Each structure stands twice: as C-alpha cells, then as structure tokens.
C-alpha cells in the first residue's frame, strides 16, 4: 500500500478554473504538508496541518485553500488558476519529526 | 533554521562510494542534520538524520564533524538508481511546526 498517495498525478486545466488535489496517508501520522516545486526545481512548503488544524501557512495566496476533513487527508483546492500556479505539488506527512514521507506529486499545468 | 551549502553537482562511478559534503557552519546545538533525495519526477525520500554522532542505516552513513559545522553523506556502493538530487537540511527536530526548508541540493550522477 502506498504510504502517501495523491490524486490526480497529472492535471491540465485552463486559466480561471478551480481545481482540487487530494492527498491521503495511511501511516497514522498527525501532521500533513503541501509543498510546491516550481519550474526551477525549488521545493517550498505551502501549508502544514496537525490533527486537522492549520499550523503553517507560508504566505500562500488565498486562492489556495487546504482542507483537512480528518488527520489522514489533506486536500488542496485552488481557485481562479493562474499560469504561475503551474508546478508539481507534493503532499507529505510526518509524526513528531521532520522525517517526512512524501507522495509522488501532482503535476499541474495551467494553460 | 541554519543555512546549508552543498556543491551543485557531483559524479560517481557505479560501485564506488559517493561522498556528498554539506556545510552548516551556523548550526545551533539543538539542530539536527537531515538528508533527503529526490529521484527525477518523484517525491523527496528521507535518507538519514543525526545530531552529533555518526549514523548508519540500510541506505547510507552520515558523518558529522566534531564541531558540527559540516557533514558528509556516504553511499557506500553507489548504483545507477542513486542518481538523484540530494538535499542536506538542518533544523530542530520534533514539535508540530516541523517544516523542511530545501536548498538547491547536490545533483549526483552515477555513471557506468
């Protein structure tokens, strides 16, 4: 079983659309994250949730809204998509330490 | 979190040891050294971490200097599948706000 799974793996959409990326972890971890890797390969944290509560928000535009229905899920909803949102988005989870486990990524392309 | 400095790229022959250096001269006493790698198009993968003692696991060894200002990740017998970008990250362990701050890493190319 995949420890951290994201869907979809690829997402192509037009500017202005609203889309969601889902993430689930079966590790029993309390903390989940969303990271963004841009075209230059820089990997930056966007959000972190601990037991469904937001604990890190790295000045991400409010078009990005994470939602955690339970501690095993952290979904990312993006409104009014822009060209600059094109990137690979990684979900991750951890328990107590930053030794996080990452998903395989969702490659978002906005056209 | 302390900043780290890594060489942008390294080459290693398959079967040889790959030694990846990392400088973290501003590390503080409660900060750990973590290593992750990212194989092309995949999510980052945790390798190993340590505080001040040398550490070894099934993937690699971590050697931390006595003054803790630098460390070396050792892949004892590199294979083609070890070709990846390797990230050295320094941060406090534990707590709920446990974000990882990735730098530019070292691109390791393992060749035949």
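Here are some notes:
- For beta carbons closer than 7 Å, sequence separation of 6+ or different chains, a first residue in region B:91-102 that is more than 10 Å from residue A:45 (Cβ to Cβ) and more than 7 Å from chain A (Cβ to nearest Cβ) and a second that is modelled with pLDDT of 65 or more and buried (at least 16 other Cβ atoms within 10 Å of the Cβ), the qualifying pairs are B:92/B:31.
- Residue list for region B:15-44, restricted to those being exposed (fewer than 15 other Cβ atoms within 10 Å of the Cβ) and under 20 Å from residue B:77 (Cβ atoms): B:15, B:16, B:17, B:39
- Condition check for residue A:17: without any contact (Cβ under 8 Å) to a residue 40 or more places away in the chain, part of a loop (DSSP other than H, G, I, E, B) and more than 13 Å from every other protein chain (Cβ to nearest Cβ): no
- You will find that of B:66, B:55, the residue that is in contact with a strand residue (DSSP E or B) (Cβ under 7 Å, 6 or more places away or on another chain) and farther than 20 Å from residue B:3 by Cβ is B:55 and no other.
- Answer residue from region A:71-99, given it is assigned to a helix (DSSP H, G or I) and free of Cβ contacts under 8 Å to residues at least 40 places away in the same chain and is farthest from residue A:33 (Cα to Cα) among those: A:84
So that you can scan it fast, the table gives a plain yes or no per residue for (1) within 27 Å of residue A:15 (Cα to Cα); (2) out of contact with any helix residue (DSSP H, G or I) (no Cβ under 6 Å at 6 or more places or on another chain); (3) at pLDDT 95 or above:
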| site | (1), (2), (3) |
| --- | --- |
| A:45 | yes, yes, no |
| A:62 | yes, yes, no |
| A:66 | yes, yes, no |
| A:85 | yes, yes, yes |
| A:96 | no, yes, no |
| A:108 | yes, yes, yes |
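- Residues (within 14 Å of chain B (Cβ to nearest Cβ) and in contact with a strand residue (DSSP E or B) (Cβ under 6 Å, 6 or more places away or on another chain)) located in region A:75-97: A:87, A:88, A:89, A:90, A:91, A:92, A:93, A:94
- Residue in region A:41-54 that is out of contact with any strand residue (DSSP E or B) (no Cβ under 6 Å at 6 or more places or on another chain) and away from every other protein chain (no Cβ under 14 Å) present: no
- Only a single item in (1) farther than 23 Å from residue B:101 by Cα; (2) part of a loop (DSSP other than H, G, I, E, B); (3) at pLDDT 90 or above is not met by residue A:11, and it is number (2).
- Flag not set for residue B:81, criterion: farther than 21 Å from residue A:105 by Cα and outside any strand (DSSP E or B).
- Enumeration of residues in region A:88-111 that are on the phi > 0 side of the Ramachandran plot and under 13 Å from the mean Cα position of the chain (by Cα): A:105
- Number of positions in region B:21-47 that are over 15 Å from residue B:90 (Cα atoms) and either more than 10 Å from every other protein chain (Cβ to nearest Cβ) or in a loop (DSSP other than H, G, I, E, B) (or both): 6
- Residues that are assigned to a strand (DSSP E or B) and within 10 Å of chain B (Cβ to nearest Cβ) do not occur anywhere in region A:21-28.
The values are calculated or read from the model by the stated rules, or taken from the named source; none is laboratory data. Remember, predicted model here, so these are calculated numbers, not experimental data. Note that each Cβ is placed from the backbone with ideal geometry, even for glycine, and that neighbours are counted across all protein chains shown.
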